[in-house]
Amino acid sequence: MSEDKNEWGSNLSFILAMIGSAVGLGNIWRYPYVLYSNGGGAFYIPYIVAILLMAIPFLILEYGVGYNFKSSFAKAIRKINPKWEYLGWFLPVSVFMIMIYYSAILGWDGIYVVLSLFKGWGADPNTYFTSTLLQSTGSNIGLTSFIPVIAVAMLVGWVIVWLISHRDLEKGLGKVSKFLVPLLFAIMVVIVGFSLTLPGASVGLVELFNPDWLLLTHFDIWMAAFGQIVFSLSLGMSIAFTYASYTKDNADLITNTISIAFANSLFENFAALGVFSILGYMSVQSGTPVAELVTQGTGLVFIVYPIVFNVLGQWAYVLGPLFFITVYLAGLTSILSTIEPLSFSIQNKFGLSRKRTMTILIVIGAAVSMIYATAIGSYVLGYVDTFINQIAILLGVIFECILFAWIFKAEKLIDFLNARSKTIKLGRWWILIVKYILPIFVSIVWIGGMVDVISYSSYDQLIVTVIAAAALLIATFIFTILPAKNPDWDSVDERV
Ligand code: PFF
């Protein structure tokens, strides 16, 4: 396995690929709703605190350690302490599980790109999405009814991912990111520009930003801000680590971190302007208050937006496809990142080539993802998403924090990172944050998530959660105990 197959061609490729990973469905369908339902304008206070206190310090740590090892996540963790190798596989496998269900959302969205050309969702988008397309049933009989159109749309996504990912890093992901990420931003500017001119846009924006300062005293809004940032920036998911390990020598990681966090926030706040202008327009047209229209997730993208396009007249034939293409690109650039940590770790341990590893993982991922092409797919997806994001990954993040900050010793990185930084310099404050504040905060968010899952779970959800947890733990265990095939597995070069 030659090294340059896993190296960025330039710093720009690294930054754009990382922005591509961060900017995804979380920015378009999650953030506007989170902002609105957590105090509107007042949400910016916990949001900015979360970025400054958690996101930037933690990303710097993840980049710093990743850069230092110039090897995969699992290999580096083993080097720091062989007893922790489980963690080295736990996070990459969790992120790969995200990939599998992300492929379903990408598939649905692909179908909507086509539908939007002729408003194929009909007069009742709600019934169309839940009953006609997803044939949604919560009961396990749904497992036997397979929905071929969804399967085909998902397979198209997997093929696109394979076409990009099986190539050498710079020729595939690097090149595609340099093209798709600027394109994504450009289309978003067009959509938001248009939305702001719609009659009633200001109604939506006033509703969105109207600050509810009192909420600042509630614990929930602080948790929401921290949770949003972890998801949106793909923090602690071993992606930032892996991307930094692919960089050439002499990267200015501190400045890169700031640029990436800034671009991600810019995009999601921009998306919020667009979403709420459109909801304001809809509210004025239909007489329904904005509060009754807001929703998040699939409800926003596949139900509320088609309803809006139905009343938008001719413009819908431009705005509709543009919108669904934006969601597709955002999803695609994120899903591409979800395979990298596991793939690189497998290449390192078992001595397989990038091409072969990607092909095997994509075939397995595509096969498993077919569960989401059944009538219980959308339920399972929701449950697995909750388990992975609220429980598994946050737990991984807490351990990662302890391992990197305490056992690896974050102090080792300071001089090295500062010497290359053209912007801020790290000091004792950084150590204080990564060693104490961060693990404590993330633990609190994790406990909140656990309490949520335990108190609101249905029986079905518990079963799916147990199966997902078992799959994650078994895969982690197998990767850890299988003997290494690559003679270099235990020799790691450190750059710092
Ligand atoms: N950061 C992505 C978003 O905001 O949509 C979501 C995401 C991508 C989460 C990749 C996890 C991941 F591994």
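Which of rounded, prolate, oblate describes the stretch 104-188, given a ≥ b ≥ c as roots of the alpha-carbon gyration tensor eigenvalues and a/c under 1.5 marking rounded, otherwise prolate only if a/b is larger than b/c? Could the numbers behind the result be given before it?
On the way: a/c = 3.34, a/b = 1.65, b/c = 2.02.
Oblate shape, in that a/c is at least 1.5 and b/c is the bigger or equal ratio.
In Å², what does the accessible area per residue of the stretch 14-101 work out to with a 1.4 Å probe?
Numbers: 1810 Å² over 88 residues.
Dividing the accessible area of the stretch 14-101 by its residue count gives 21 Å².
Compactness ratio of the stretch 361-496: Cα Rg over 2.2 N^0.38 Å, N = residue count? If you can, show how the numbers build up before the last one.
On the way: Rg = 19.8 Å, N = 136, 2.2 N^0.38 = 14.2 Å.
Cα-based Rg divided by the globular estimate yields 1.39.
With a length cut of 24 Å (Cα positions projected on each helix's long axis) and a Kyte-Doolittle mean of at least -1.0, go through the chain and give me the DSSP H helices that pass. Let's see the in-between values first.
Numbers: long enough: 85-115 (46 Å, 1.38); 148-165 (25 Å, 2.39); 175-196 (32 Å, 2.09); 253-286 (49 Å, 1.09); 316-335 (27 Å, 1.73); 438-456 (27 Å, 1.77); 459-481 (33 Å, 2.02).
For the chain, where a helix must reach 24 Å along its axis and average at least -1.0, the hits are 85-115, 148-165, 175-196, 253-286, 316-335, 438-456, 459-481.
Go ahead and estimate [θ] at 222 nm for the chain from helices alone: -39,500 (n - 2.57) per DSSP H run with n ≥ 4, summed, over the residue count, rounded to 500.
Numbers: 23 runs with 318 residues, N = 496.
Value at 222 nm, helices only, nearest 500: -20500 deg cm²/dmol.
Taking a temperature of 20 °C and a viscosity of 1.002 mPa s, what whole-number D in µm²/s does Stokes-Einstein yield for the stretch 144-237 with Rh from Kirkwood over alpha carbon pairs?
For these conditions, the coefficient is 118 µm²/s.
Only Lys, Arg, Asp and Glu count, each charged at its Cβ (+1, +1, -1, -1), so figure out the dipole size of the chain about its Cα centre, rounded to 20 debye. Each step should come with its number before you reach the end.
Numbers: 26 positive and 27 negative charges, 231 e Å.
So the magnitude is around 1100 debye.
Take the eigenvalues of the Cα gyration tensor for the chain, scale each by 5, and report the square roots as semi-axes in whole Å, largest first.
Working: eigenvalues 248, 138, 96 Å².
Result for the chain: semi-axes of 35, 26, 22 Å.
Would you please calculate the Kirkwood hydrodynamic radius of the stretch 241-325 over all C-alpha pairs and express it in Å, rounded to one decimal?
Working: mean 1/r = 0.0644 Å⁻¹.
When all Cα pairs of the stretch 241-325 are included, the Kirkwood radius is 15.5 Å.
Could you tell me the distance between the Cα centroids of the stretch 283-349 and the stretch 1-75, to the nearest Å?
20 Å
When ranked by the protection proxy of mean other Cβ atoms within 10 Å per residue, highest first, what sequence do the peptides 382-390, 129-137 form? Write down the numbers at each step before the final one.
Details: 382-390: 20.3, 129-137: 17.9.
The densest-packed peptide leads the list: 382-390, 129-137.
Specify whether the C-alpha gyration tensor of the stretch 183-233 places it in the rounded, prolate or oblate class, a ≥ b ≥ c being the square roots of the eigenvalues: rounded for a/c under 1.5, otherwise prolate if a/b is larger than b/c and oblate if not.
Values: a/c = 5.72, a/b = 1.43, b/c = 3.99.
Oblate.
Could you check how much of the accessible area of the stretch 217-300 is carbon and sulfur, as a whole percent, using a 1.4 Å probe?
Details: 1520 of 2510 Å².
C and S atoms contribute 61 percent here.
Dipole size in debye (nearest 20) for the stretch 213-355 around its Cα centre, Lys and Arg Cβ +1, Asp and Glu Cβ -1? Numbers along the way, then the final one.
On the way: 4 positive and 6 negative charges, 96 e Å.
Here the size comes out at about 460 debye.
Roughly how large, in nm² to one decimal, is the mean projection of the convex hull of the alpha-carbon atoms in the stretch 1-105?
Working: hull surface 36.4 nm².
Result: a mean projected hull area of 9.1 nm².
What does the extension gain come out to for Tyr44 and Thr295, with contour length at 0.36 nm per residue minus their alpha carbon separation? Please list the in-between numbers first.
Numbers: separation 251, 0.36 × 251 = 90.36 nm, distance 1.97 nm.
The span from Tyr44 to Thr295 would gain 88.4 nm if fully extended.
Positive end of the dipole of the stretch 110-209, charges at C-beta (+1 Lys, Arg; -1 Asp, Glu), about the Cα centre: which of Ser195, Leu208, Ile164 has its Cα farthest in that direction?
Ile164
Where the centre of each part is set by its Cα atoms, how far does the stretch 123-145 sit from the stretch 79-106, in angstrom?
30 Å
Under a point-charge model restricted to the Cβ atoms of Lys and Arg (+1) and Asp and Glu (-1), what is the dipole moment magnitude of the stretch 126-267 relative to its Cα centre, in debye to the nearest 20?
Values: 5 positive and 7 negative charges, 101 e Å.
I would put it at about 480 debye.
Could you give the length gained on full extension between Ala471 and Met450, defined as 0.36 nm per residue of separation minus the Cα-Cα distance, in nm?
Numbers: separation 21, 0.36 × 21 = 7.56 nm, distance 1.89 nm.
Full-extension gain reported as 5.7 nm.
How much length, in nm to one decimal, is gained on full extension between Trp429 and Val114, taken as 0.36 nm per residue of separation minus their Cα-Cα distance?
Numbers: separation 315, 0.36 × 315 = 113.40 nm, distance 5.11 nm.
This chain segment gains 108.3 nm when fully extended.
If you count only protein heavy atoms and use a 1.4 Å probe, how large is the accessible surface of Val451, to the nearest 10 Å²?
Around 80 Å² of this residue is reachable by solvent.
Work the Kirkwood hydrodynamic radius out for the stretch 233-276: mean of 1/r over every pair of different alpha-carbon atoms, inverted, in Å.
Numbers: mean 1/r = 0.0831 Å⁻¹.
The answer is 12.0 Å.
State the percentage of accessible surface on the stretch 332-437 attributable to carbon and sulfur atoms; use a 1.4 Å probe and exclude ligands, DNA and RNA. Intermediate results must be reported in sequence, preceding the final value.
Values: 2610 of 3820 Å².
Answer for the stretch 332-437 is 68 percent, counting heavy atoms of protein chains only.
Using a probe radius of 1.4 Å on heavy atoms only, what accessible surface per residue do you get for the stretch 296-455? Whole Å² is fine. Each step should come with its number before you reach the end.
Numbers: 5850 Å² over 160 residues.
Accessible area per residue: 37 Å².
How much FRET efficiency would the formula 1/(1 + (r/R0)^6) give for Ser10 and Leu155, where r is the Cβ-Cβ distance and R0 is 22 Å, rounded to 0.05? Mind dumping the intermediate values first?
Working: r = 33 Å, r/R0 = 1.49.
Once the sixth-power term is evaluated, E becomes 0.10.
How big is the accessible area of Glu268 in square angstrom, nearest 10, if you roll a 1.4 angstrom probe over the protein chains?
0 Å²
Can you give the Rg and Dmax of the stretch 202-281 based on its C-alpha atoms, in angstrom?
Using the Cα atoms of the stretch 202-281, the pair Rg, Dmax is 16.9, 50 Å.
The values are calculated or read from the model by the stated rules, or taken from the named source; none is laboratory data. Since the model is a prediction, treat every value here as computed from it, not as a measurement. All Cβ positions, glycine included, derive from the backbone under ideal geometry; neighbour counts span all protein chains shown. Side chains are part of the model used for accessible areas, which takes the heavy atoms of the whole protein and leaves out ligands, DNA and RNA. Shrake-Rupley method; radii C 1.70, N 1.55, O 1.52, S 1.80 Å.
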